[in-house]
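Participant: Following this message is one structure expressed as structure tokens.
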Amino acid sequence: MSELEEHRISTWRKVLANKYRHGMVSISPDASLYEGVLLLLRTKVHRLPIVDPITGNALYILTHKRVLKFLYLFVS
């Protein structure tokens, strides 16, 4: 378990870069929700990690369902 905790997103990004067309797609916490939704649609991914630029750790996972839930709850 300790080895798993030491893994960084940047390591996986390097490993998967050659295997997948887009590589590992992520977005910074400073980006807008609109930018996140555009990236979800353009890259056709189902989960978009929001990655801390300093540590490289995932802070949150943005999904289509969470975006729809946000719109339902906060947009009248």
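The values are calculated or read from the model by the stated rules, or taken from the named source; none is laboratory data. In this text the structure is predicted, and so the values were computed from the model without any measurement. Virtual Cβ from ideal backbone geometry, glycine too; neighbours counted across all protein chains shown. SASA here: full protein model, heavy atoms, side chains in, ligands and nucleic acids out. Shrake-Rupley method; radii C 1.70, N 1.55, O 1.52, S 1.80 Å.
Participant: Accessible surface of Glu5 in the full protein assembly, 1.4 angstrom probe, to the nearest 10 Å²?
Facilitator: Glu5 has an accessible surface of roughly 140 Å² with all protein chains in place.
Participant: Which FRET efficiency value, to the nearest 0.05, do you get for Thr11 and Leu68 by plugging their Cβ-Cβ distance into 1/(1 + (r/R0)^6) with R0 = 22 Å?
Facilitator: About 0.10, to the nearest 0.05.
Participant: Could you give the length gained by full extension between Val37 and Glu3, i.e. 0.36 nm per residue of separation minus their alpha carbon distance, to one decimal place? Please report the intermediate quantities before stating the final value.
Facilitator: Numbers: separation 34, 0.36 × 34 = 12.24 nm, distance 3.26 nm.
Gain on stretching Val37 to Glu3: 9.0 nm.
Participant: Using a simple charge model, +1 on the beta-carbon of Lys and Arg, -1 on the beta-carbon of Asp and Glu, nothing else, what dipole does the range 25-76 show about its Cα centre, in debye to the nearest 20? List each step's numbers first, then the result.
Facilitator: Numbers: 6 positive and 3 negative charges, 68 e Å.
Here the range 25-76 has a charge dipole of around 320 debye.
Participant: Now a separate question. Compute, for Arg66, the solvent-accessible surface of its heavy atoms (probe 1.4 Å) with the complete set of protein chains present, and express it in square angstrom to the nearest 10.
Facilitator: We get 110 Å² for Arg66.
Participant: So what J values fall out for the range 38-48 if you push phi through Karplus, 6.51 cos²θ - 1.76 cosθ + 1.60 with θ = phi - 60°, rounded to Hz, Gly and Pro as x?
Facilitator: Those phi angles translate into 4, 5, 4, 6, 5, 8, 6, 9, 9, 9, 10 Hz.
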